[in-house]
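Structure first, commentary second.
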Amino acid sequence: MYRLADARAVAVTQPWWQRGAIYQIYPRSFADSGGDGVGDLPGVLGKLDHLVDLGVQALWLSPFYPSPMKDFGYDVADYCGVDGLFGTLDDFDALIAAAHARGLKLVVDWVPNHTSDQHPWFSDPGRAHFYVRREEPPNHWRTQFTHDGPAWSRDPGRGDVYLHSFLPAQPDLNWDEPEVREAMHATLRFWLDRGVDGFRIDVVYRLGKDPALGENEPGRRHDQDWPSIHPRLRAIRAVLEEFGEEKMAVGEIYLSTQSDIARYVAGGQELHMAHNFFLLEAQWSAAAYREVIAEWLELLGERGWAAWCLGNHDHSRLATRLGPARARAAAVLLVTLRGTPFIFQGDELGLQDVPIPPDRVVDVDGRDPERAPIPWTAGLGAGFTTGEPWLPIDPEADRVNAAVQADDPGSMLSLYRRLLGLRAAEPALREGPQGWLQAGEDVLAFSRGPELLVAVNFASEPRTARLGNGHAEVLVATGDRTGGVDLDALSLAPDEALVLRRDERER
Ligand code: GLC
């Protein structure tokens with residue numbers, strides 16, 4: 001068994017956010033310590049050992065700030081507090097101390113594009129300029145959710161209209177105003193002062209919009225990705241650098257090409273990483289995956305660094321989209337690609353979307369199935385809560401839970417532990433170059449450094465791959481394969497993925 005401790009003994013050459021995986025916690029659904037059916041910060045603290053045993057480097061907490069919860073916390077009413085549902089600032093301080101004591105970094109979600117309409121700024125007449133307001137809608141911009149509508153709503157108090165890229169209850173901040181930028185930088189400093197190690201920046205590409213509020217045109221949107229975004233990101237980075245070299249910003253970016261996204265990271269002065277969803281949206285084929293991965297690594301070049309993500313709280317779960325066998329192969333890819341793997345809570349258990357009966361639907365955008373509570377144990381409440389859970393518990397929870405999987409070497413949890421342990425033990429997986437191999441139809445294969453090889457069979461049928469000459473040893477397999485393999489005729493089982501080490505004398 002590879003232990004994280006082995007890797008810590010190795011000289012540190014990379015910043016922490018490149019070294020290991022970052023695990024996303026959606027606090028409402030992680031662990032409920034209070035019995036009200038909603039997860040909370042003490043609940044997270046109580047489960048830190050699960051994250052240590054899993055072998056991740058850091059946790060990213062989705063929003064826990066005071067909020068009316070119209071968008072489950074992505075509508076922030078106070079950037080510098082903790083919602084009573086989740087605990088208190090003292091609970092936050094206790095959590096960060098406990099995480100750091102275990103060698104885990106802590107990243108918080110920062111939602112700078114919009115506040116809640118319940119944020120005191122929104123009703124403050126002295127801060128009307130904090131939002132984008134006009135007498136009448138100046139354009140036909142639309143909201144981003146699936147059931148979209150006009151992005152302008154009338155403020156009943158003032159009589160004017162304001163911009164909201166999401167729900168009417170989420171008014172967009174006016175980032176063209178220096179006072180807004182200053183006020184938002186202050187919220188970053190608030191959390192940096194409390195010791196956070198980085199930020200995930202919500203819909204970051206929306207912080208730059210055409211100040212003239214022009215209409216969107218084919219091939220040119222005016223409501224996002226405006227050039228003003230780039231100086232704004234450099235200023236945000238400068239705030240992080242006031243707190244040292246190792247504070248990290250990863251931004252959520254949905255744009256239509258990877259080269260548009262690369263502009264946010266490749267120069268080394270803006271975001272450290274970008275969540276790019278092209279891989280998540282790619283069709284499950286070796287060719288499609290290779291195209292996305294190769295293009296992204298190429299665009300990032302030497303100065304950029306990839307973040308890889310195959311799931312989050314906004315997308316149907318990996319194991320539902322791909323099926324259980326392919327989700328295992330995808331886990332191998334996620335952890336062995338050059339870059340930082342992001343793991344959405346529960347994907348390490350291979351959780352599926354949970355069916356939500358119509359009377360239990362709570363999200364405005366159909367995202368409840370992937371947000372169902374984590375099953376920790378068998379039994380009522382699945383170890384998540386002693387109360388009535390805010391979303392239904394997975395009907396499979398008695399079979400598919402963390403406790404059962406921890407003792408089963410064939411489980412998804414055991415596979416993730418082996419993969420993350422291997423990554424911690426092998427510098428080549430953390431920093432080595434990635435080179436492509438022409439392995440044959442349906443097989444994606446690449447090297448990490450001179451020794452390690454990864455092969456993924458995207459077909460649900462056996463395939464024979466050619467990875468070169470000589471022999472190799474199986475380090476991690478999606479199935480139960482161990483021992484040696486021939487590289488010139490490597491037979492792969494359906495949906496199988498392998499991490500291999502070339503025999504020394506043949507390198
Ligand atoms: C991001 C979040 C999503 C939220 C939206 C609006 O896309 O990930 O959950 O609804 O921003 O804040």
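Every number in this text was worked out from the coordinates using simple rules, so none of it is lab data. As the structure is a prediction and not an experimental result, all values here were calculated from the model. Cβ atoms come from the backbone with ideal geometry, glycine included; neighbour counts cover every protein chain shown.
Measure nothing but the geometry: give the 0 to 90° angle between the long axis through the Cα atoms of 229-241 and the longest principal axis through the Cα atoms of the chain, rounded to 10°.
Relative to the chain, helix 229-241 is tipped by roughly 70 degrees.
Within the stretch 223-250, which residues have the backbone N less than 16 Å from the label spot 7 Å out from ARG303 along Cα→beta-carbon, could you tell me?
It comes to 230-235, 237-238, nothing else.
Taking a quarter of the surface of the Cα convex hull of the stretch 6-124, what do you get in nm²?
Spelled out: convex hull of the Cα atoms, projected over all directions, averaged, 8.4 nm².
Please list, in chain and number order, the residues 5+ apart from TRP60 or on another chain whose amide H is under 5 Å from its amide H, with Hs placed from the backbone.
Distant-sequence amide H within range of TRP60: TYR23, GLN24, ILE25, VAL107.
So how long is each side of the stretch 339-491 along the principal axes, counting just the alpha-carbon atoms, biggest first, in Å?
58, 32, 31
When a footprinting reagent is the concern and you count Cβ atoms within 10 Å, what order do LYS47, LYS70, LYS105 take, fewest first?
LYS70, LYS47, LYS105
Output the relative contact order of the chain, whole-number percent, from Cα pairs under 8 angstrom with separation of 6+ residues.
14
Over all alpha-carbon pairs of the stretch 265-357, lay out the pair-distance distribution in 10 Å bins, whole %, shortest bin first.
Going from the shortest bin to the longest, the percentages are 16, 48, 27, 8, 1.
With +1 assigned to the C-beta of every Lys and Arg and -1 to the C-beta of every Asp and Glu, and no other charges, what is the dipole magnitude of the stretch 276-376 about the Cα centre in debye, to the nearest 20?
320
Please compute the Kirkwood hydrodynamic radius over the chain, one decimal place, Å, based on all pairs of different Cα atoms.
After inverting the mean inverse Cα-Cα distance, the result is 23.7 Å.
Report, by chain and number, residues whose modeled amide H sits under 5 Å from the one on MET248, excluding near sequence neighbours (fewer than 5 apart, same chain).
For MET248, whose amide H was placed from the backbone, the distant partners under 5 Å are GLY198, PHE199.
State, as an integer percentage, the relative contact order of the stretch 304-373 based on alpha-carbon contacts under 8 Å between residues 6 or more apart.
In percent, rounded to a whole number, it is 43.
Going by average Cβ density within 10 Å per residue, which order do the peptides 332-339, 138-145 take, highest to lowest?
332-339, 138-145
Mind pulling the angle between the C-alpha long axis of helix 324-336 and the longest principal axis of the chain? Nearest 10 degrees, somewhere in 0 to 90.
90
Label points 7 Å out from Cα along the Cβ direction at ARG466 and GLU291: separation in nm?
2.5
On average, how much area does the Cα convex hull of the stretch 419-507 cover when viewed from any direction, in nm²?
Hull-based average projected area comes out at 5.2 nm².
Placing +1 at every Lys and Arg Cβ and -1 at every Asp and Glu Cβ, with all other atoms neutral, what dipole size does the chain have around its Cα centre, in debye to the nearest 20?
Magnitude of the dipole: close to 1100 debye.
Just for the Cα atoms in the stretch 308-416, what are the lengths along the principal axes, largest first, rounded to whole Å?
Principal-axis extents of the stretch 308-416 (Cα, largest first): 42, 34, 21 Å.
Work out the length of the dipole vector of the stretch 96-212 about its Cα centre, built from +1 on the beta-carbon of each Lys and Arg and -1 on the beta-carbon of each Asp and Glu, and round it to the nearest 20 debye.
Here the stretch 96-212 has a charge dipole of around 400 debye.
Please give the contour-minus-distance gain from ALA186 to ASP93: 0.36 nm per residue of separation, less the Cα-Cα distance, rounded to one decimal in nm.
31.6 nm
Can you tell me the order of 393-399, 309-315, 267-273, 296-302 when each peptide is scored by its average per-residue count of other Cβ atoms within 10 angstrom, highest first?
309-315, 267-273, 393-399, 296-302
Estimate the FRET efficiency between ASN216 and ASP503 by the formula 1/(1 + (r/R0)^6), using the beta-carbon distance for r and 60 Å for R0, to the nearest 0.05.
Computed FRET efficiency for ASN216 and ASP503: 0.55.
State the answer as a single residue: which of GLY159, GLN144, PHE92 lies farthest towards the positive end of the charge dipole of the stretch 91-226, with beta carbon charges of +1 for Lys and Arg and -1 for Asp and Glu, about the Cα centre.
Positive-most Cα among the choices belongs to PHE92.
How far apart, in nm, are two points set 7 Å out from the Cα along the Cα-to-Cβ line at HIS129 and at THR146?
With each label point 7 Å from Cα toward Cβ, the separation is 4.1 nm.
If you wrap a convex hull around the alpha carbons of the stretch 155-312, what volume per residue comes out, as a whole number of Å³?
147
Could you tell me the distance between the Cα centroids of the stretch 182-222 and the stretch 364-402, to the nearest Å?
33
Pull up all non-local amide H partners of ALA307: gap of 5 or more, or a different chain, and H-to-H distance under 5 Å with H placed in the peptide plane.
ALA274, THR340
Compute the long axis of helix 412-425 from its Cα atoms, compare it with the longest principal axis of the Cα atoms of the chain, and write down the angle in degrees, 0 to 90, nearest 10.
80
Per 10 Å bin, what is the whole-percent P(r) computed from every C-alpha pair distance within the stretch 335-391?
Histogram of Cα-Cα distances, whole percents per bin: 20, 43, 26, 10, 1.
If you take the alpha carbon radius of gyration of the stretch 53-93 and divide it by 2.2 N^0.38 Å, what ratio comes out, to two decimals?
For the stretch 53-93, the normalised Cα radius of gyration comes out at 1.32.
For the stretch 47-195, what Kirkwood radius comes out of the mean inverse Cα-Cα distance, in Å?
Every distinct Cα pair counted, the radius reaches 16.9 Å.
List the relative contact order of the stretch 329-423 as a percent without decimals, with contacts defined as Cα pairs under 8 Å and 6+ residues apart.
Reported relative contact order: 28 percent.
Taking θ = phi - 60°, what integer Hz values does the Karplus form 6.51 cos²θ - 1.76 cosθ + 1.60 yield along the stretch 337-344, in sequence order, with x for Gly and Pro?
Once θ is set to phi - 60°, the couplings for the stretch 337-344 become 5, 6, x, 9, x, 10, 10, 7 Hz.
Per residue and in Å³, how big is the convex hull formed by the alpha-carbon atoms of the stretch 70-139?
Measuring per residue, one finds 127 Å³ for the Cα hull of the stretch 70-139.
Each label point is 7 Å from the Cα along the Cα-to-Cβ direction; what then is the distance between the points at ASP486 and GLU431, in nm?
Between ASP486 and GLU431, the label points sit 3.8 nm apart.
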